[in-house]
Every structure is written in C-alpha cells, then in structure tokens.
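Reading through the structure tokens given below for one structure.
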Amino acid sequence: LPRFDIKLIKCDKQIKETYTNEELERLLKKPDINKCRFSDYRNWVMVNYLLGTGNRLKTLINLKWQEIDFHNDMIRLTTTKSRKQRKRQINPRLYRRGIMVYSQMAQYGQYHFMHG
C-alpha cells in the first residue's frame, strides 16, 4: 500500500473569552442560605471548589462522599485525567464556606455532586 505524507494546515489559536470582574463577583458571591434554592447553593459550592482546587469538572462530578475525610480536611481523588488516585488537602476556607454546609443540606446519595 502506498504511504501518503499529509501536512496538516496550522491555524491561529484565538484567546478564549474570560469572565469580567462583574461576572466573577456574581459567581463568587455567597448566596443567602435562608433564601436561596438548594441548587443555587450547590452551584456556588461547585464553582468555588473548581476555582479553589483547579480540579477538572469530571473529577468533581465523580467525587463520592466516602472520598471526603471531614476530620482531616482531605479529599481522595479517584477520577483524574492521569487516572492516578491522589489525596489532597481541602482548603480550610473552602471547607468552612461551602463543603461542610453543603454536606449538611444535601441528600446523602453515593455521589457528592450530581453524577452525570
């Protein structure tokens, strides 16, 4: 069989649009726990978790309750891009601001956040 050398055309990469300061403020503003819906608070915790840890969305979605060690402020990550399990310290501020309160509000299914 003949072999073909095909050169791929290079294209310019465009800079991705980022959030404005106003949009970031709205995303990071903590909702009033007494007035907001559960889903609003869950989404706020998710955004803060992703920004605070740098984890990927797939890692977050696959996070299970038994992988969070509330006594030692640790998270065991089992679904990562590299497919290697890791243990990470939970940022104390993130823990106090969201995860602990969320854990008290959430229905205790297998997964910490909605599993897609």
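Restricting attention to the stretch 31-48, the residues that are of a type in the set (Lys, Arg) and modelled with pLDDT of 85 or more total 2. The residue of the stretch 79-91 that is nearest to Leu27 (Cα to Cα), among those that are charged (D, E, K, R) and assigned to a strand (DSSP E or B), is Arg88. Applying the set (1) more than 18 Å from Gln85 (Cβ to Cβ); (2) under 13 Å from the mean Cα position of the chain (by Cα); (3) of a type in the set (A, V, I, L, M, F, W, C) to Leu60 leaves exactly one unmet item: (1). Tyr102 falls short on exactly one of the conditions (1) of a type outside the set (Lys, Arg); (2) modelled with pLDDT of 80 or more; (3) surrounded by 11 or more Cβ atoms within 10 Å (Cβ to Cβ), and that condition is (2).
Taken together, the residues in the stretch 11-55 that are open to solvent by 100 Å² or more (accessible area, probe 1.4 Å) and among the β-branched types (Val, Ile, Thr) amount to 2.
The values are calculated or read from the model by the stated rules, or taken from the named source; none is laboratory data. Here the structure is a predicted model, which is why all the values come from computation and not from measurement. Note: ideal-geometry Cβ built from the backbone for every residue, glycine included; neighbour counts use all protein chains shown. Heavy atoms of the whole protein, side chains included, go into the accessibility calculation; ligands, DNA and RNA do not. Shrake-Rupley method; radii C 1.70, N 1.55, O 1.52, S 1.80 Å.
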